[in-house]
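Enquirer: I have a structure I would like to understand better, so I am pasting it below and will then ask my questions one at a time.
The values are calculated or read from the model by the stated rules, or taken from the named source; none is laboratory data. This one's a predicted model, so the numbers in the text were calculated from it and none came from an experiment. Quick reminder, even Gly has a Cβ in these numbers, built from the backbone with ideal geometry, and neighbours come from all protein chains shown.
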Amino acid sequence: MNKTHQDIILPGRHTALLLAATLLVAGTAFAQDDETLTKQVELKEAPEASGEGYFDYPGMDEIPEGQFGEAVRSGMEAFVNTLQHPEAKRHVGNGQNCANCHLGGGMAANSAPLWGAWGIYPKYRGKNDHVNTMDERIRGCFTYSMNAGDSEAGGPPEPDSQLLKDMQSFMFWSARGAPLGENLPGRGYRSVEKPEDGYSISRGKSIYEAQCAVCHSGDGSGKFTADGKQIFPPLWGEKAFNWGAGMHRINTAAGFIKYNMPLGKANPVEKHAALSDQEAWDVAAYMNSHERPRDPRWEGDRTTTAEKWHDHECLFNHKAHGQILGEGTK
Ligand code: HEC
Ligand code: HEC
């Protein structure tokens with residue numbers, strides 16, 4: 001049986017957050033030690049769900065007692081409340097939690113669910129020409145999506161650290177009974193084809209102001225409580241994902257936005273969209289036409305960095321709002 005959107009595990013913060021959402025709608029040194037983290041895995045689109053729907057991941061009440069259960073709980077906390085988790089937060093250099101881009105606490109189909117990811121690693125990638133493990137994948141997410149270079153620890157968690165063990169215990173637990181090596185329906189994000197006439201940053205601005213700014217703020221900085229707890233994640237600026245994160249690509253962002261945003265209107269599990277393909281591309285382009293933390297793979301200048309790392313659908317080294325993008329917020 002398929003879980004509905006409401007059944008998705010929503011640990012504490014999320015329940016409050018969704019409630020808030022519903023109401024609204026109605027400089028440290030960068031420790032890059034490892035060439036293997038320099039490129040993100042690009043995902044192949046998963047097949048559509050058949051009649052049986054999506055993989056039936058376990059419920060919270062199925063977390064066992066004992067050390068393994070503790071690891072699962074800690075890993076879940078690190079994923080959902082990354083900014084609060086005592087160990088994980090030391091590796092966060094911006095204002096993000098992992099679950100900000102993996103909805104339903106990492107369980108929602110079509111929102112890059114962890115149960116879909118677990119069984120496809122280790123995975124060979126032609127791009128960096130070696131077999132990538134889940135350990136590396138998570139460290140990559142810290143490096144780019146969580147901008148770990150600017151964190152207290154100065155980089156992603158160490159290989160084989162307790163934090164990576166906990167996060168992988170959570171993923172492994174969520175995928176119990178899932179077939180290995182299969183591209184499961186609901187894995188990753190849906191891809192949204194680029195509209196024939198491309199996209200428009202200025203149309204995207206209007207969409208953003210009408211449908212997104214209420215939560216993410218007009219200047220993209222999100223919303224935080226006075227004591228620094230995240231209410232709505234930042235989308236650009238110094239607290240956002242950096243220029244190396246998958247989300248800075250317009251196609252990837254459009255795929256995420258189409259079935260996940262605006263929160264409460266779109267629904268990834270029911271594959272319900274609130275925006276047209278064109279609107280998703282326009283608003284994704286507007287979001288990604290602003291500065292964000294520097295690409296950790298910086299090659300000394302914008303042009304060289306663009307040539308080496310940005311041969312894809314993005315605005316790095318392009319002009320927007322009167323300025324060439326890519327220098328980074330610091
Ligand atoms: C800013 C948004 C964002 C944040 C924050 C984020 N991710 Fe991701 N994640 C993505 C995107 C986008 C992809 C797909 C990558 C691509 O297409 O290049 C992805 C992919 C993944 C995958 C692989 C999924 C698959 O099916 O292969 C895993 C595992 C993952 N992320 C874990 C994490 C973890 C752990 C964290 C926190 C440390 C995190 N993510 C934080 C956006 C994010
Ligand atoms: C009702 C409030 C609300 C509205 C409206 C809304 N969002 Fe969000 N958005 C959120 C929340 C909350 C999250 C994090 C979800 C989570 O942690 O489960 C999020 C996450 C995101 C992310 C993930 C990236 C990141 O860096 O964290 C993007 C991109 C995004 N929203 C874009 C948009 C766009 C574009 C619109 C308008 C079309 C929009 N949102 C409208 C509340 C909202």
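Enquirer: If CYS215 satisfies all but one of (1) closer than 22 Å to ALA112 by Cβ; (2) assigned to a loop (DSSP other than H, G, I, E, B); (3) in the same structural domain as ALA266 (by TED's automatic domain parsing), what's the number of the condition it fails?
Expert: Among (1) closer than 22 Å to ALA112 by Cβ; (2) assigned to a loop (DSSP other than H, G, I, E, B); (3) in the same structural domain as ALA266 (by TED's automatic domain parsing), CYS215 violates only (2).
Enquirer: Take the residues of segment 271-305 that are of a type in the set (Gly, Ala, Ser) and surrounded by fewer than 20 Cβ atoms within 10 Å (Cβ to Cβ): which is farthest from the chain's Cα centre (by Cα)? So that I can check it myself, show each step before the final result.
Expert: Initial filter on segment 271-305 (of a type in the set (Gly, Ala, Ser)): 273-274, 276, 280, 284-285, 289, 300.
This time we only want the ones that are surrounded by fewer than 20 Cβ atoms within 10 Å (Cβ to Cβ), so: 274, 276, 300.
Working: ALA274: 20, SER276: 21, GLY300: 27 Å.
Filtering first and then ranking leaves GLY300.
Enquirer: Something else: Before we move on, is HIS85 more than 30 Å from HIS272 (Cβ to Cβ), away from ligand 2 (no atom under 14 Å from the Cβ), surrounded by 23 or more Cβ atoms within 10 Å (Cβ to Cβ) and not small (Gly, Ala, Ser)?
Expert: Values: more than 30 Å from HIS272 (Cβ to Cβ): yes; away from ligand 2 (no atom under 14 Å from the Cβ): yes; surrounded by 23 or more Cβ atoms within 10 Å (Cβ to Cβ): yes; not small (Gly, Ala, Ser): yes.
Answer is yes for this residue.
Enquirer: With SER221, SER202 as the choices, which residue is at pLDDT 95 or above, polar (S, T, N, Q) and in a helix (DSSP H, G or I)? Outline the logic, then answer.
Expert: Details: SER221 fails: in a helix (DSSP H, G or I).
Result: SER202 is the single residue among SER221, SER202 that is at pLDDT 95 or above, polar (S, T, N, Q) and in a helix (DSSP H, G or I).
Enquirer: Still on this model: Restricting the first residue to segment 149-168 and requiring it to be assigned by TED's automatic domain parsing to the domain that holds ASN97 and modelled with pLDDT under 95, which pairs with a second residue that is assigned to a loop (DSSP other than H, G, I, E, B) and charged (D, E, K, R) meet a Cβ separation below 9 Å and a spacing of at least six or different chains?
Expert: Taking only residues 6 or more apart or on different chains, the pairs are PRO159/ASP34.
Enquirer: Can you tell me how many residues within segment 265-280 are polar (S, T, N, Q) and part of a helix (DSSP H, G or I)? First the steps, then the outcome.
Expert: The initial filter retains those residues of segment 265-280 that are polar (S, T, N, Q), namely 267, 276, 278.
Subsequent filtering for residues that are part of a helix (DSSP H, G or I) retains 278.
The qualifying residues number 1.
Enquirer: With respect to the numbered conditions (1) of a type outside the set (Asp, Glu); (2) within 10 Å of ligand 2 (Cβ to nearest atom); (3) within 18 Å of HIS318 (Cβ to Cβ), which one is the sole condition not fulfilled by GLY264?
Expert: (3)
Enquirer: Next question. Within segment 264-279, is there a residue that is at pLDDT 95 or above and within 15 Å of ligand 1 (Cβ to nearest atom)?
Expert: yes
Enquirer: Does VAL92 satisfy the criteria of being under 22 Å from the mean Cα position of the chain (by Cα), modelled with pLDDT of 95 or more and closer than 22 Å to GLY149 by Cβ? Walk me through how you get there before you give the answer.
Expert: On the way: under 22 Å from the mean Cα position of the chain (by Cα): yes; modelled with pLDDT of 95 or more: yes; closer than 22 Å to GLY149 by Cβ: yes.
Judged against the criteria, VAL92 is a match.
Enquirer: What do you reckon, is ALA306 under 21 Å from GLY149 (Cβ atoms), among the aliphatic types (A, V, I, L, M) and part of a helix (DSSP H, G or I)?
Expert: Working: under 21 Å from GLY149 (Cβ atoms): yes; among the aliphatic types (A, V, I, L, M): yes; part of a helix (DSSP H, G or I): yes.
So ALA306 fits the description; yes.
Enquirer: Just for segment 224-259: of the residues that are hydrophobic (A, V, I, L, M, F, W, C) and in a loop (DSSP other than H, G, I, E, B), which one is farthest from THR143 (Cα to Cα)? Give the steps one after another, and end with the answer.
Expert: We begin by selecting, within segment 224-259, every residue hydrophobic (A, V, I, L, M, F, W, C); these are 224, 226, 231-232, 235-236, 240-241, 243, 245, 247, 250, 253-254, 256-257.
Applying the additional criterion that residues be in a loop (DSSP other than H, G, I, E, B) yields 226, 235-236, 240-241, 243, 245.
On the way: ALA226: 27, LEU235: 17, TRP236: 16, ALA240: 12, PHE241: 9, TRP243: 11, ALA245: 8 Å.
Among those that are hydrophobic (A, V, I, L, M, F, W, C) and in a loop (DSSP other than H, G, I, E, B), it is ALA226.
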